[in-house]
Amino acid sequence: MNFLSTFVTFENLYEIRRLCHWGPVIALSVIAICSTMAILDSIIWYWPLDTTGGSINFIMLINWTVLILYNYFNAMFVGPGYIPLGWKPENQQDTQYLQYCRVCQGYKAPRSHHCRKCNRCVMKMDHHCPWINNCCGHLNHAYFTSFLLLAPLGCSHAAIIFIMTMYTQLYERISFGWSTVKIDMSVVRQIQPLMPFSVPAFAATLFALGLALGTTIAVGMLFCIQMKVILRNKTSIESWIEEKAKDRIQHYQTGEEFIFPYDLGSRWLNFKQVFTWSGMPKGGGFEWPVYPKCHQHTLTIEQLKQKADKRVRSVQYRAVEKYNGACCPISKGLQTFFRTPCTEEPRIPLCKGDIILATRGTKWWMYGDKVLSEEQMRAGERVRGWFPRRCVEKCHYDTAASDSTSDKKVN
């Protein structure tokens, strides 16, 4: 009902346009193909509805499809929650701890960040996901993560149906020779199904099996990543801010201790911040429960320090391995391959010796600007995107040189 009420209250068709994008088109196509083929294979060839087991299996397949679509559309249409345009904190003194967004003409609330795709400041922004064509943030984090859990479970069930269908239908039609395997689709089976299992049916089932297995692995990996983030009550953007905070403290030897303010010290407490019985997360998106030694603006103050410090605004790295700009480079390791960023932002090819100013990143990937020659910079060229972390190493800093490089980049 929550989804239906959200759908009905649309004042215009703007939100529906989110479906007109390659991400939702591919995602919904995979769901439709796997669900349809699993249902057809079950009731026609593998497990007819005239048996108790077949009826239970059919209900489970329908249940998976409904739950997957429910959470998927909620993640897309409920959205992450946006900071109102021109927002200011109730206490005007708090503005000194907050960043100002020139696009939204207002202050960024704690944990919020501006998304260039949505063109709005997003509450507790984790990332912009092309598969839902929306940001993953405060209001839809639970729906998004539930979708990431249910999709592999449903696809695993479908994959078992596909395998058993092909096994039962081909068992009496396969003959093995010394060096050959022959499949005779014209052989009549003892138990006649509702429809003959023809070559097109076999091809469609095999194709659906490939989609189901691929989805189970890929989406299952994303679920593990999201759960790791949720149990620490931390977003991917905040992980990068924390990494730069430790780098700043180490470089200047300030002796201060940076404590991430939103980790409540218990995985269960962190989990309950996102998942609730009502389906809506705790909090209004402007104030958050914090660790006892911290306060509401601990992280925003750290962001302001990093913004004022040109050295940590972008961390300088040097390429030590060549990278051709592939989206999922298998040659850079399985972790890099499976944990490629799910974003429309480009990848940048690297050659040994290239200098990159990284502005954010994950454990396996980084995002930043490649330092170009003066001629390229005068021509207005800019190379920005993602690259594997294993292909670069952090440069040893000369503060003056780093400031000079940053000034050139800004100018």
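The values are calculated or read from the model by the stated rules, or taken from the named source; none is laboratory data. A quick note: this is a predicted structure, and the numbers were derived from the prediction, not measured. In this analysis, Cβ positions are derived from the backbone assuming ideal geometry, glycine residues included, and neighbour counts consider all displayed protein chains. All accessible areas refer to the heavy atoms of the entire protein, side chains included, with ligands and DNA or RNA removed. Shrake-Rupley method; radii C 1.70, N 1.55, O 1.52, S 1.80 Å.
Of note:
- Partner aspartates and glutamates whose Cα lies under 20 Å from the Cα of LYS228, excluding those fewer than 8 positions away in the same chain, are identified as ASP126, GLU238, GLU242, GLU243, ASP263.
- Exposed chymotrypsin sites (Phe, Trp or Tyr not before Pro) absent - longest run of the chain, DSSP non-H/G/I/E/B, at most 10 other C-beta within 10 Å: 15-177
- Compared with the alpha-carbon gap, the fully stretched path from ARG102 to ARG267 is longer by 55.8 nm at 0.36 nm per residue.
- Region 276-401: C-alpha gyration tensor shape, a/c 1.5 cut-off, then a/b vs b/c: oblate
- Spin-label model, ARG18/ASN91: points 7 Å from Cα along the beta carbon direction are separated by 3.4 nm.
- Pairs with C-alpha atoms separated by more than 21 Å, drawn from the list LYS234/LYS282; LYS117/LYS332; LYS108/LYS246, are LYS117/LYS332; LYS108/LYS246.
- Using the Karplus relation 6.51 cos²θ - 1.76 cosθ + 1.60 with θ = phi - 60°, the per-residue 3J(HN,Hα) values for region 237-245 come to 5, 5, 4, 6, 4, 5, 5, 5, 5 Hz, with x marking Gly and Pro.
- Extension gain, ILE62 to HIS251, is 62.4 nm, computed as 0.36 nm per intervening residue step minus the present C-alpha separation.
- Two-site FRET efficiency, ILE26 against GLU345, from Cβ-Cβ distance with R₀ of 22 Å, rounded to 0.05: 0.80
- Once the Cα atoms are used to define both axes, helix 52-77 deviates from the longest principal axis of the chain by about 30 degrees.
- Percent carbon-and-sulfur accessible area, the chain, ignoring ligands, DNA and RNA, probe 1.4 Å: 61 percent
- Phi-derived couplings, Karplus 6.51 cos²θ - 1.76 cosθ + 1.60 at θ = phi - 60°, listed residue by residue for region 143-153: 4, 5, 5, 5, 4, 5, 7, 6, 4, x, 5 Hz, with x used for Gly and Pro.
- Per-residue extension of 0.36 nm, minus the Cα-Cα distance of ARG382 and ALA308, leaves a gain of 24.3 nm for this segment.
- Taking every protein chain into account, the accessible area of the chain amounts to 53 square angstrom per residue (probe 1.4 Å).
- Ordering PHE337, THR95, ALA159 by the projection of their Cα atoms onto the charge dipole of the chain, which places +1 on the Cβ of Lys and Arg and -1 on the Cβ of Asp and Glu, puts THR95 at the extreme positive end.
- For region 332-339, 3J(HN,Hα) computed residue by residue from phi via the Karplus equation (6.51, -1.76, 1.60; θ = phi - 60°) reads 9, x, 5, 5, 5, 5, 7, 9 Hz, glycine and proline entered as x.
- Simple label model, 7 Å out from Cα along Cβ direction - ILE237 to TYR171, nm: 5.5 nm
- Tilt relative to the chain, helix 22-40 - C-alpha long axis, 0 to 90 degrees, to 10: 30 degrees
- On the basis of the beta-carbon distance and an R0 of 41 Å, SER373 and MET227 show a calculated FRET efficiency of 0.40.
- Region 268-291 and region 355-391: distance between their alpha carbon centers, rounded to Å: 35 Å
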